[in-house]
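Data block below; observations after.
The values are calculated or read from the model by the stated rules, or taken from the named source; none is laboratory data. Model, not experiment: these values are computed from the prediction. Cβ placement follows ideal geometry from the backbone for every residue including glycine, while neighbour counts extend to all protein chains displayed.
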Amino acid sequence: MLDATHDPDARSWVDSAGLSGTPFPLQNLPFGVFDHPVGGGAPETTRVGVAIGDLLVDLAATASAGVLDALGPALRDACLAPRLNTLMALGPDAWSALRRHLHHLLREGDPLGDAHRPAVEAALRERASVRMAVPAHIGDYTDFYASLHHATNVGTMMRPDNPLLPNYKWVPIGYHGRASSVVVSGTGVVRPVGQTRPEGVAAPLWGPSRRIDYELELGLFVGIGNEMGRAIPIADADRHIFGVCLVNDWSARDMQQWEYQPLGPFLAKSFATTVSPWVVTREALAPFRVALASRTADDPAPLPYLAHPGIAARGAFDIELEVLLQTARMREVGDAPVRLSRSRTRDLYWAPAQLVTHHASNGCNLRPGDLLASGTVSGPERAQRGCLLELAWRGTEPVELPNGERRSFLEDGDEVVLTGWCACEGAASIGLGECRGRVLPAAGADA
Ligand code: MN
């Protein structure tokens, strides 16, 4: 549902929120967590903030100044918490109330904003001057495999005659990932060491992975959870989603190839997963909901527990995603990152609500702050392949970079940047910001 907070004509008194190309105009208002005080040498504490243009509003400071008192004690306390979990647990009515309040505080010519302007101005900080943190305490992280195009491409490499396994169009496939190694954008990723068995070699080798890859994914943060033993009906599933972020599910393909049977990914994935710092709320995405693009009339109807008319019509988020790469050599000579691919979340086969409902369908309890990722978001075209495994087709078609370098997998010093944004007629464009990570040399490989 759209309301005044989505009004494309609304302007903020924060000038940079009105610049074209900013991911964070007044209509977005994403939440994140930053270190405070920054570089002060004090024991690390974090605070909740909301991004607006090039700035952020320190919500703890506004709460302390009484600017959020009208929202009641529960919301005020959530804004004083060190992570977003407390806010996530309050549910969609509270999230909406906070969003409306922030909209009024930051909107030009708004009586509420005018009344509190000095206190809000005192809580503003340059986003470039703070260090962001993982936005929530992530108790559990699950990675799905919701892109039909990704599944088909990877399946074709493994089984040219039978790319898609028979379960794919019936059951959303996923695995339980590792929450402890989820890191925020900008964190270096150390090349993992492990077992691999190259083709034609009898015994496995031990050493640094030689096939590091990125995976371009959409992350969903669970807001309200469910009691263990109780499912989440599909009609309610959207209300359990707090918001989205970008996810890079780093993967060691050579380790994965050797270890994945029979139980799935393990050490090939658990060494690092990077998330973007700003959580764009489900409510901010309301103007950008569309039908899933990958389903055809020939596909089986989802089983009733995953079927809902609202999903067929507007179950998908329409988010454009992009992968950029800057190698060490490009950085040295000042070359800008180059785009490797561009794809869309509407091309996923399963909608976010279906992933939530399926996850809880066996009685598994989701909790506020849990992270569910979509799986690699690929589209039908070559330029829409969301990981290097697909783009370079298992190393057989290396990607040529403008400076003559070639990549089948990532080299040390390579920096991968994921971005995402939403644009449509009649709405202000909003962005997800960026998810950045650089591959660092393996540590202790010879030890
Ligand atoms: Mn993945």
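Taking the stated definitions as given, is Leu220 under 30 Å from Ala94 (Cα atoms), within 16 Å of the ligand (Cβ to nearest atom) and part of a strand (DSSP E or B)?
On the way: under 30 Å from Ala94 (Cα atoms): yes; within 16 Å of the ligand (Cβ to nearest atom): yes; part of a strand (DSSP E or B): yes.
When the stated conditions are applied, Leu220 passes them.
Do you know which residues across the stretch 232-248 are within 16 Å of the ligand (Cβ to nearest atom) and either surrounded by fewer than 24 Cβ atoms within 10 Å (Cβ to Cβ) or of a type in the set (S, T, N, Q) (or both)? Steps first, answer last, please.
Of the residues in the stretch 232-248, the ones within 16 Å of the ligand (Cβ to nearest atom) are 244-248.
Answer for the stretch 232-248, where residues must be within 16 Å of the ligand (Cβ to nearest atom) and either surrounded by fewer than 24 Cβ atoms within 10 Å (Cβ to Cβ) or of a type in the set (S, T, N, Q) (or both): just Asn248.
Across the stretch 253-265, the number of residues qualifying as within 14 Å of the ligand (Cβ to nearest atom) and either of a type in the set (Gly, Ala, Ser) or in contact with a Lys or Arg (Cβ under 6 Å, 6 or more places away or on another chain) (or both) comes to 2.
Of the set (1) more than 16 Å from the ligand (Cβ to nearest atom); (2) buried (at least 21 other Cβ atoms within 10 Å of the Cβ); (3) more than 19 Å from the chain's Cα centre (by Cα), all apply to Ala268 but (1).
For beta carbons closer than 6 Å, sequence separation of 6+ or different chains, a first residue in the stretch 44-55 that is in a loop (DSSP other than H, G, I, E, B) and a second that is β-branched (Val, Ile, Thr), the qualifying pairs are Gly53/Val14; Gly53/Thr22.
For the stretch 132-180, the set of residues classified as basic (Lys, Arg) and modelled with pLDDT under 95 consists of Arg159 only.
Run Met330 past the list (1) surrounded by fewer than 20 Cβ atoms within 10 Å (Cβ to Cβ); (2) in contact with a Pro (Cβ under 9 Å, 6 or more places away or on another chain); (3) under 30 Å from Glu411 (Cα atoms) and report the number of the one that doesn't hold. So Met330 meets the others, but not (1). Among residues of the stretch 379-395 being among the small types (Gly, Ala, Ser) and under 18 Å from Arg159 (Cα atoms), the one that is farthest from the chain's Cα centre (by Cα) is Gly395. Of all residue pairs spaced 6 or more apart or on separate chains, those with beta-carbon atoms under 6 Å, a first member in the stretch 363-377 that is of a type in the set (D, E, K, R) and a second member that is modelled with pLDDT of 95 or more and within 16 Å of the ligand (Cβ to nearest atom) are Asp370/Asp140.
Residue under question is Gly225, and the condition is that it be of a type outside the set (Phe, Trp, Tyr), more than 16 Å from the ligand (Cβ to nearest atom) and not in a helix (DSSP H, G or I); does it hold? Against the criterion (of a type outside the set (Phe, Trp, Tyr), more than 16 Å from the ligand (Cβ to nearest atom) and not in a helix (DSSP H, G or I)), Gly225 qualifies. Within the stretch 135-150, the set of residues being within 11 Å of the ligand (Cβ to nearest atom), outside any strand (DSSP E or B) and either surrounded by fewer than 24 Cβ atoms within 10 Å (Cβ to Cβ) or not small (Gly, Ala, Ser) (or both) comprises Tyr145, His150.
Among residues of the stretch 229-255 that are within 16 Å of Ser181 (Cα to Cα), none has a beta-carbon under 6 Å from a residue that is away from the ligand (no atom under 14 Å from the Cβ) and modelled with pLDDT under 95 at least six positions away or on a different chain. The residues listed here are Val67, Val48, Val57; of these, the one that is β-branched (Val, Ile, Thr) and more than 26 Å from the chain's Cα centre (by Cα) is Val67.
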